[in-house]
Amino acid sequence: MTNPVKETFTGDAPAPAALAAKVRTLAPSMTRSMQRVAEAVADDPAGCAALTVTGLAELTGTSEATVVRTARLLGYPGYRDLRLALAGLAAHQESGRAPAITTDIAVDDPIADVVAKLAYDEQQTLADTAAGLDTVQLAAAVTAASTARRIDIYGVGASSLVGMDLAQKLLRIGLIAHAHADPHLAVTNAVQLRSGDVAIAITHSGSTGDVIEPLRAAFDRGATTIAITGRPDGPVSQYADHVLTTSTARESELRPAAMSSRTSQLLVVDCLFIGVAQRTYESAAPALAASYEALAHRHSPRTR
């Protein structure tokens with residue numbers, strides 16, 4: 001059962017190319033009727049662009065009010081603005097149509113088909129994440145991390161691997177960063193944070209208790225908090241000063257959501273890391289060079 005999100009105009013209408021990505025991100029938390037509208041406009045932008053609000057309501061078995069609420073939730077002042085965006089999206093797709101390939105992987109698919117399907121889906125995941133990423137929020141997160149006394153990162157399961165990747169990168173440029181996969185250690189460390197520190201929670205669902213608990217502890221103690229999540233309306237956002245949204249991909253039997261969420265999370269943490277490295281370049285460059293030098297002998301052929 002879904003939890004309906006607030007049906008209010010966000011104030012920032014997405015560009016036509018970003019509309020499909022926003023639908024995929026928000027659809028899981030919409031009401032069933034709103035989902036039908038959102039899925040219809042994402043699946044057939046050209047056809048829906050030709051419909052009146054009454055026509056789209058009839059097509060999706062909903063009401064005119066539901067169509068308007070969906071448009072506003074997606075970031076448009078009204079249905080007229082959504083129709084214009086759909087027309088733009090249809091034109092964009094017509095000029096550069098994506099290859100006709102499905103990411104549903106069958107158990108008897110040849111390995112070449114598996115490679116092609118996964119590659120296409122990974123590309124779509126990255127494109128969706130880039131289109132939906134709020135660069136204002138990202139810049140604020142970069143600023144906070146660049147000047148942080150200490151950075152704690154929380155994640156469990158597949159998200160913990162992404163957290164470890166980010167922590168390793170930050171350590172290589174001389175920042176104090178630690179990734180915590182153990183929920184007890186995460187909370188123990190979070191209560192030691194204060195103003196000037198940064199806490200980063202990575203949770204695709206936005207509702208992982210073992211990640212929310214330490215983020216809340218860090219938030220309560222004045223640390224700057226950042227959530228990397230596929231559900232920007234989820235509980236984790238209540239304790240996040242900055243929210244970085246990842247794309248939401250459809251699961252299949254042979255491709256669990258953790259695969260696509262990991263791909264989008266890695267893109268976001270890479271963007272965060274590069275931004276921090278740019279801001280701290282004078283200290284980051286020597287630290288990175290020192291780490292390369294310290295490990296160089298491990299990459300050289302051993303002499304007998």
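The values are calculated or read from the model by the stated rules, or taken from the named source; none is laboratory data. These numbers come from a predicted model, not from an experiment. Positions of Cβ are generated from backbone atoms using ideal geometry, with glycine treated the same way; all protein chains shown enter the neighbour counts. The accessibility values were calculated without ligands, DNA or RNA, using every heavy atom of the protein model including side chains. Shrake-Rupley method; radii C 1.70, N 1.55, O 1.52, S 1.80 Å.
For the stretch 110-217, what relative contact order do you get, as a whole percent, if you take Cα pairs closer than 8 Å and at least 6 residues apart?
Dividing the mean separation by the residue count of the stretch 110-217 yields 29 percent.
Report the trypsin sites (Lys or Arg not before Pro) located in the stretch 190-221 that are in a DSSP loop and have at most 16 other Cβ atoms inside 10 Å of their Cβ, or state none. Could you put the intermediate results ahead of the total?
Working: sites: Arg194, Arg216, Arg221; in loops: Arg194, Arg221.
Those satisfying the criteria are Arg194, Arg221.
Where only protein heavy atoms count, and the probe is 1.4 Å, what is the accessible area per residue for the stretch 161-208 in Å²? Kindly include the intermediate steps, with their values, before the conclusion.
Numbers: 2110 Å² over 48 residues.
The answer is 44 Å² per residue.
With a 1.4 Å probe and all protein chains left in place, how much of the accessible area of the stretch 37-93 comes from carbon and sulfur atoms, in whole percent?
On the way: 1320 of 2420 Å².
Solvent-exposed carbon and sulfur of the stretch 37-93 make up 54 percent of the total.
Using a 1.4 angstrom probe on heavy atoms only, work out the carbon and sulfur share of the accessible area of the stretch 139-192 in %.
Details: 1440 of 2290 Å².
C and S atoms contribute 63 percent here.
What is the sum of charges around Ala223, taking Lys and Arg as +1, Asp and Glu as -1, for the other residues whose C-beta is under 15 Å from the C-beta of Ala223? Each step should come with its number before you reach the end.
Values: positive: Arg149, Arg150, Arg194, Arg216, Arg221; negative: Asp152, Asp197, Glu213, Asp220, Asp241.
In short, 0.
Can you give the FRET efficiency for Asp220 and Glu58, using 1/(1 + (r/R0)^6), R0 = 51 Å, r = Cβ-Cβ distance, to the nearest 0.05? Before the final figure, lay out each step's value.
Numbers: r = 49 Å, r/R0 = 0.97.
It comes out at approximately 0.55.
Label-point separation (nm) for Gln123 and Gln168, each offset 7 Å from Cα along Cα-to-Cβ?
Rounded to a tenth, the inter-label distance reads 2.8 nm.
Calculate, for Ala294 and Leu185, the FRET efficiency according to 1/(1 + (r/R0)^6) with r their C-beta to C-beta distance and R0 25 Å; round to the nearest 0.05. Don't jump to the answer; show the numbers that get you there.
Values: r = 27 Å, r/R0 = 1.07.
That gives a FRET efficiency of 0.40.
How big is the equivalent ellipsoid of the stretch 191-247 along its three axes, where each semi-axis is √(5λ) from the Cα gyration tensor, reported in whole Å from largest to smallest? Could you put the intermediate results ahead of the total?
On the way: eigenvalues 69, 23, 12 Å².
Ellipsoid half-lengths, sorted descending, are 19, 11, 8 Å.
Within a Cβ distance under 13 Å of Leu166, other residues only, what is the Lys/Arg minus Asp/Glu net charge? Mind dumping the intermediate values first?
Numbers: positive: Lys169, Arg172, Arg262; negative: Asp152, Asp165, Asp270.
Neighbourhood net charge equals 0.
Give me the one-decimal nm value for the distance between modelled label points at Ser146 and Ala130, 7 Å along each residue's Cα-to-Cβ direction.
The answer from the label model is 2.2 nm.
Give me the log10 of I(q) over I(0) for the stretch 136-284 at q = 0.15, 0.20 Å⁻¹, as the Debye formula computes it from C-alpha points; what are the numbers?
Values, matching the q order: -0.66, -1.19.
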